[in-house]
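I have placed the structure first, in the form of structure tokens, so that the comments after it can refer back to it.
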Amino acid sequence: MNERTQPVAFITGSSRGIGLGIAEHLAKKGFDLAINGIRDESVVMDVLGTLRVHGGEVIYCQGSVADANDRQAMLAKIRGHFGRLNLLVNNAGVAPQVRADILEATEESFDRLLNTNLKGAYFLTQAVANWMIEQKKEQADFQASIITVSSISATVASVNRGDYCISKAGLSMATQLFAVRLGEFGIPVYEVRPGIIKTDMTAGVSAKYDALIADGLTVQPRWGLPDDVGRAVAAIAEGGFLYSTGQIFMVDGGLTLARL
């Protein structure tokens, strides 16, 4: 266990995409980082090196949040290396392998989406919350928070990826539940809800969204970027919204604004 005093953040699904954008901004804010992905560490060495440029310690926790043993092993690695955890960012998620109408979608796809996007995050949050409570009891001024990255799909219905929408709606309720439960311990819980973000996940439908954005889908006429989400998460993680537990922070370029 090291003797550093910087706050430690664990960001799931953070070796690329939105998670990496979050990690970059937290690194700039002085966080030590535990990065997570399912790829072998040898494949992400360049990513880890880029994050270390900002001066913080960075470790890699390979594993799937959908797997209970992997979740336990990742937290054990963080505890063993840093001895503490100040921030959990639930970001890991998958899209449907096939976008199928809800009248035809399969149970296999539903189970895959819910196990990773919802069940994994739910029980990881449970484990981390208990550890944070333990740390709070040992150190009264210990600062901790939890941020879950969901999606506008929590409320915007897409009938060709119902399993994805349901998983994100579940994450939104999970944020509220943990916010209520952890209030007595002074551990705020937040939801960041991105809109259309340019990542590997949206690469296959980029032409569709290029056209929709050009046609006025968003108030701000551009794609969102991982950097946009990273800025929002880092702003919350800095502690500027300590009296806003359970709240949703929209990062969607105005897509969900009601307009005439």
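Throughout, read-outs are computed from the coordinates displayed, never taken from laboratory work. Predicted model, so just to flag it, every value in this text is computed and none were measured. Cβ sites come from the backbone with ideal geometry, for glycine too, and all protein chains shown count toward neighbours.
Please identify, among Ala169, Ala207, Ala34, the residue showing maximal mean-square fluctuation in a Gaussian network model of the chain using a 10 angstrom Cα cutoff.
Greatest mean-square fluctuation among the candidates belongs to Ala207.
Nearest 0.05, what FRET efficiency do Lys137 and His81 give at R0 = 30 Å with Cβ-Cβ as r?
0.85
What net charge do the residues around Leu48 carry, taking every other residue with its C-beta under 15 Å from that of Leu48, with Lys and Arg at +1 and Asp and Glu at -1?
In short, -2.
Which value at 222 nm does the chain reach when only helices count, each DSSP H run of 4 or more adding -39,500 (n - 2.57), with the total divided by all residues and rounded to the nearest 500 deg cm²/dmol?
-12000 deg cm²/dmol
By per-residue mean of other Cβ atoms within 10 Å, what is the highest-first order of 43-51, 90-98?
90-98, 43-51
Would you please put 194-206, 235-247, 121-133, 18-30 in order of how densely packed they are, using the mean number of other Cβ atoms within 10 angstrom per residue and starting with the highest?
18-30, 121-133, 194-206, 235-247
Specify the inter-centroid distance of region 4-66 and region 75-147, based on alpha-carbon positions, in whole Å.
Between the Cα centre of region 4-66 and that of region 75-147, the gap is 15 Å.
R0 = 25 Å: FRET efficiency of Phe123 with Arg99, Cβ-based, nearest 0.05?
0.40
Just to be sure I understand, if you calculate percent of Cα pairs over 30 Å apart for this structure, which of (i) 31; (ii) 21; (iii) 24 do you get?
Evaluating percent of Cα pairs over 30 Å apart on these atoms matches (iii).
Using 15 Å as the cut-off for backbone N distance, which residues of region 32-46 belong to the label zone defined by a point 7 Å from the Cα of Ala73 along Cα→Cβ?
36-42
In nm, what is the difference between 0.36 nm times the number of residues separating Arg4 and Tyr243 and their Cα-Cα distance?
Length difference between fully extended and current span is 83.2 nm.
When the Karplus curve 6.51 cos²θ - 1.76 cosθ + 1.60 is applied with θ = phi - 60°, which whole-Hz ³J(HN,Hα) does each residue of region 61-71 get, with x for Gly and Pro?
10, 6, x, 9, 5, 6, 9, 4, 5, 5, 4
Can you classify region 95-187 as rounded, prolate or oblate using the Cα gyration tensor, where a ≥ b ≥ c are the square roots of its eigenvalues, rounded means a/c under 1.5, and otherwise it's prolate if a/b beats b/c and oblate if not?
It is prolate, given that a/c is not under 1.5 and a/b is the larger ratio.
Mind telling me which of Ile35, Ile166, Ile147 comes out most flexible in a GNM of the chain, alpha-carbon contacts under 10 Å?
Maximum fluctuation in the GNM of the chain, among the listed residues, is at Ile166.
Under a straight-distance cross-link criterion of Cα-Cα below 19 Å, which lysines are reachable from Lys208, leaving out those fewer than 8 residues away in the same chain?
Counting by Cα, and skipping residues close in sequence, Lys208 has these lysines nearby: Lys198.
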